[in-house]
1. Which residue is modelled with the lowest pLDDT, if the candidates are limited to the range 1-23 and must be over 18 Å from W141 (Cβ atoms) and assigned to a loop (DSSP other than H, G, I, E, B)?
2. Among E36, E69, E12, which is buried (at least 19 other Cβ atoms within 10 Å of the Cβ) and touching a Ser or Thr at 6+ places or on another chain (Cβ under 6 Å)?
3. Can you name the residue in the range 169-200 that is crowded, with 22+ Cβ neighbours inside 10 Å and in contact with a Pro (Cβ under 7 Å, 6 or more places away or on another chain) and is also nearest to Q31 (Cα to Cα) among such residues?
4. Just to be sure, is S45 in contact with a strand residue (DSSP E or B) (Cβ under 9 Å, 6 or more places away or on another chain) and farther than 21 Å from Y132 by Cβ?
5. Right, Y74: at pLDDT below 95, surrounded by fewer than 19 Cβ atoms within 10 Å (Cβ to Cβ), of a type outside the set (G, A, S) and in contact with a Leu (Cβ under 9 Å, 6 or more places away or on another chain) or not?
6. Report every pair of residues separated by at least 6 positions or lying on different chains whose Cβ atoms are under 7 Å apart, first residue within the range 71-85 and touching a residue at least 12 places away in the same chain (Cβ under 8 Å) and farther than 13 Å from R170 by Cβ, second open to solvent by 10 Å² or more (accessible area, probe 1.4 Å) and of a type in the set (S, T, Y).
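The values are calculated or read from the model by the stated rules, or taken from the named source; none is laboratory data. All values derive from a computational prediction rather than experimental measurement. Note that we place each Cβ from the backbone using ideal geometry, even for glycine, and neighbour counts take in every protein chain shown. Remember, those area values only see protein heavy atoms, side chains included, never the ligands or the DNA or RNA. Shrake-Rupley method; radii C 1.70, N 1.55, O 1.52, S 1.80 Å.
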Amino acid sequence: VVLEAYSMSKHEVTAQQYRVFALTTGRPAPQYREEESNLPATHVSWDDATAYTEWLSKKTKRRFRLPTESEWEYAARAETTSPFAFGDYADAFKGNFRGVYPVDARVAGSRGPDHYGPLPVGSYEPNAFRLYDIHGNVAEWTADFYNGRLAGGSLLDPHPRGEGRRIAVRGGSWEDLATRVRCAARDEIRADTKSNAIGFRVVLAPAF
């Protein structure tokens, strides 16, 4: 896949950032507590996330949008070819997810911290592109409708898939096992879903 130049936000959009958008536009928003300001914005549907990017574009006079699946995966991998940006193996001390990968791996303390829900953005080491929470924390909406059969061959800056019944989400979340937070892992979610395990990040990129 050949992509046009783009930039991706280093963190998932935070509750505080989303609160400003909601207050400015009058759009309904989750009731985030003050101590949750640096958590990822969750309980946000795909339409909500898209509206945020449109608002941010008008506010900054720059073109923000959700990433395509291709853009998300390229940024997540950070020029690696391993299952994770940090290598072939994963344990729950490397990101906000559960368990280990491979499932039979013997990793000291692999069970990880015992907590529920997302953590503040930037709680773990970033990948080589300085992007945080690529693996776990909250799954992230993309611009693409989900298709179980991706196109093969060479693709030049593919536009998002506009046909389908559900939206592709990437990265996995705090409630997923390590196998579901790999760079290549994909999931399909209804566009109107609002969950504490789904958020989003934005890209500064050419319009489609």
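1. V1
2. Working: E36 fails: touching a Ser or Thr at 6+ places or on another chain (Cβ under 6 Å); E12 fails: touching a Ser or Thr at 6+ places or on another chain (Cβ under 6 Å).
Checking each option against the conditions leaves just E69.
3. That would be G199.
4. Yes; evaluated as a whole, the condition is true for this residue.
5. Spelling it out, Y74 is indeed at pLDDT below 95, surrounded by fewer than 19 Cβ atoms within 10 Å (Cβ to Cβ), of a type outside the set (G, A, S) and in contact with a Leu (Cβ under 9 Å, 6 or more places away or on another chain).
6. Close Cβ pairs (under 7 Å, with a partner that is open to solvent by 10 Å² or more (accessible area, probe 1.4 Å) and of a type in the set (S, T, Y)) amount to P83/Y101.
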